Every structure is written in C-alpha cells, then in structure tokens.
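Trainee: One structure, pasted below without further comment.
The values are calculated or read from the model by the stated rules, or taken from the named source; none is laboratory data. Please read these numbers as outputs of a predicted model, since none were measured by experiment. Here the Cβ is made from the backbone with ideal geometry for all residues, glycine too, and neighbour counts use every protein chain on show.
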Amino acid sequence: MDYFFAVILFAISSSVTPGPNNIMIMTSGVNFGVKKSLPLLTGICVGFTVMLLLIGIGFGQIFELLPGLHLVIKCVGTLYLLYLAWLIATSTDTLTSNTQVQPLTFMKGALFQWVNAKAWVVATGAIAAFTTVGAGFYSQNLTIALTFFIISFPCVGIWLLFGSMLKTLLKNDKYRRYFNFVMASLLVLSVLPVINEIVNQLA
C-alpha cells in the first residue's frame with residue numbers, strides 16, 4: 001500500500017506542475033476551448049503512458065548501447081519546443097479569425113511526449129525509483145503506467161479548464177497577445193535547462 005501511495009503522489013506532483021504539456025494544453029484551452037482541445041489532452045495522457053511502458057520494457061537499454069541517439073532526440077526535441085513556443089507567441093488571432101489555426105491533434109499530443117524533456121525525466125525517474133529488478137519488474141512497470149494514465153487526466157485537465165476559463169477574459173486581442181507571449185516565454189524557460197545540458201554534452 002505504501003508503494004502504491006508513493007507512486008500516486010509522484011504521479012500527481014509530476015503531472016500537475018508546470019511543464020511543456022501543461023503550458024501547451026492551457027494555451028489550447030484559451031484559443032480553442034475545452035471540446036476542441038480534448039483530443040490533445042487524450043493524446044498527451046495516452047502518449048505518456050505508452051512512453052512509460054516502452055521505457056520500462058527496455059528502451060533505456062537502447063540508449064545505453066547508443067548514447068548518441070539520446071542526444072539527437074534531445075536536440076530535435078529542444079528545437080521543436082522552441083518552434084512550438086514561436087507558434088504560441090504568434091497565434092494572436094485564433095479566436096476571431098475565420099481561418100483559425102486548428103488545435104493539435106491526438107497523434108501530435110502523443111508523439112510530442114518523445115520530444116518533451118520533462119516527460120523523459122519523469123518517465124525515467126519513475127521507472128528508476130519505483131521498480132526493482134526481478135520477477136515483479138513488468139507488473140511494477142504496468143502499475144506505474146496505469147497510475148500515471150489515471151492521474152494525468154485530471155491533473156493536466158485542470159490546466160485545460162483554467163485555459164478555457166481565461167478564454168472569456170482574453171477575447172481582447174491585446175490581452176490574448178500578452179497571454180500567448182507569456183506562455184511562449186514560459187515554454188522557452190522550461191527548455192533552457194535542457195539547452196544547458198546539451199551544450200555541456202557537446203563541449
């Protein structure tokens with residue numbers, strides 16, 4: 001019971017704290033509302049669960065054999081996050097334009113986990129902290145993945161609802177531009193530690 005409680009606390013704390021997923025879903029809530037953002041929310045939660053399972057099964061061993069592959073994925077992921085920040089900062093007319101940009105899809109939300117630095121840290125940390133080598137390893141891995149799957153929906157969903165509530169306050173183009181710029185800036189700040197790590201690895 002203590003083990004399961006510890007996994008739940010870890011899942012809540014890591015899922016509800018600010019990060020690329022939550023910034024992205026809140027911005028989607030502001031610009032598109034809850035209904036249109038549900039595929040993205042589902043993609044994030046399902047994608048991270050699959051990521052946890054694959055890392056637990058042995059994806060980490062591949063990176064031990066090919067450490068350069070991890071660096072490549074990290075670099076590509078960082079560039080994508082910076083590109084996403086630019087898209088957020090420049091999406092100023094999504095609420096009023098007839099040609100509004102579509103929200104990210106389920107698949108994009110799921111695939112986004114593989115370039116999300118925080119997702120990698122949480123996934124590898126969860127597997128390292130809450131599994132033991134032995135016959136019960138795979139059942140522990142499955143328990144962790146299912147716990148995150150259940151916990152992530154309400155934790156990430158809170159950010160979506162918060163973004164949706166802000167939508168009525170951000171109908172003013174000026175305020176919405178400020179909001180998107182702040183969210184883009186927060187996303188860039190969340191990437192800075194990864195950029196620093198990449199620079200140190202390449203130095």
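Trainee: Mind listing just one residue for me: the one in region 1-37 that is in a helix (DSSP H, G or I) and free of Cβ contacts under 8 Å to residues at least 24 places away in the same chain and, of those, farthest from residue 87 (Cα to Cα)? Break it down stepwise before answering.
Mentor: Going residue by residue through region 1-37, those that are in a helix (DSSP H, G or I) are 2-16, 20-37.
In the following step, the residues that additionally are free of Cβ contacts under 8 Å to residues at least 24 places away in the same chain were identified as 2, 5, 9, 13, 35.
Values: 2: 43, 5: 39, 9: 33, 13: 28, 35: 21 Å.
It comes out as 2.
Trainee: With respect to residue 7, determine if the residue is of a type in the set (A, V, I, L, M), surrounded by fewer than 23 Cβ atoms within 10 Å (Cβ to Cβ) and in contact with a Phe, Trp or Tyr (Cβ under 9 Å, 6 or more places away or on another chain).
Mentor: Values: of a type in the set (A, V, I, L, M): yes; surrounded by fewer than 23 Cβ atoms within 10 Å (Cβ to Cβ): yes; in contact with a Phe, Trp or Tyr (Cβ under 9 Å, 6 or more places away or on another chain): yes.
For residue 7, the condition - of a type in the set (A, V, I, L, M), surrounded by fewer than 23 Cβ atoms within 10 Å (Cβ to Cβ) and in contact with a Phe, Trp or Tyr (Cβ under 9 Å, 6 or more places away or on another chain) - is met.
Trainee: Across region 116-128, what is the number of residues that are farther than 19 Å from residue 153 by Cβ and touching a Pro at 6+ places or on another chain (Cβ under 9 Å)? Explain how you work it out, then say what you get.
Mentor: Applying the first criterion (farther than 19 Å from residue 153 by Cβ) to region 116-128 yields 117, 120-121, 124-125, 127-128.
Restricting the remaining residues to those that are touching a Pro at 6+ places or on another chain (Cβ under 9 Å) gives 117.
Final tally of qualifying residues: 1.
Trainee: Right, next: Is there a residue being under 15 Å from residue 24 (Cβ atoms) and either of a type in the set (Phe, Trp, Tyr) or at pLDDT below 85 (or both) anywhere in region 144-158?
Mentor: Looking for residues that are under 15 Å from residue 24 (Cβ atoms) and either of a type in the set (Phe, Trp, Tyr) or at pLDDT below 85 (or both), one finds none in region 144-158, hence no.
Trainee: Also, I was wondering about something else. Give me the residue from region 159-189 that is at pLDDT 85 or above and among the aromatic types (Phe, Trp, Tyr) and, out of that set, surrounded by the most Cβ atoms within 10 Å (Cβ to Cβ).
Mentor: 159
Trainee: Any residue at all in region 121-133 that's closer than 24 Å to residue 36 by Cβ and either modelled with pLDDT of 75 or more or assigned to a helix (DSSP H, G or I) (or both)? Let's see the steps before the verdict.
Mentor: Quick first cut of region 121-133, residues closer than 24 Å to residue 36 by Cβ only: none.
No - not one qualifying residue is present in region 121-133.
Trainee: If we scan region 167-177, do we find a residue that is more than 30 Å from residue 127 (Cβ to Cβ), in contact with a helix residue (DSSP H, G or I) (Cβ under 9 Å, 6 or more places away or on another chain) and free of Cβ contacts under 8 Å to residues at least 12 places away in the same chain? Break it down into steps so the answer makes sense when it comes.
Mentor: To start, the set of residues in region 167-177 that are more than 30 Å from residue 127 (Cβ to Cβ) comprises 167-177.
When the remaining residues are screened for being in contact with a helix residue (DSSP H, G or I) (Cβ under 9 Å, 6 or more places away or on another chain), the result is 167, 169-170, 175-177.
Imposing the further condition that a residue be free of Cβ contacts under 8 Å to residues at least 12 places away in the same chain reduces the set to 169, 175.
Yes, there is a match, as at least one residue in region 167-177 is more than 30 Å from residue 127 (Cβ to Cβ), in contact with a helix residue (DSSP H, G or I) (Cβ under 9 Å, 6 or more places away or on another chain) and free of Cβ contacts under 8 Å to residues at least 12 places away in the same chain.
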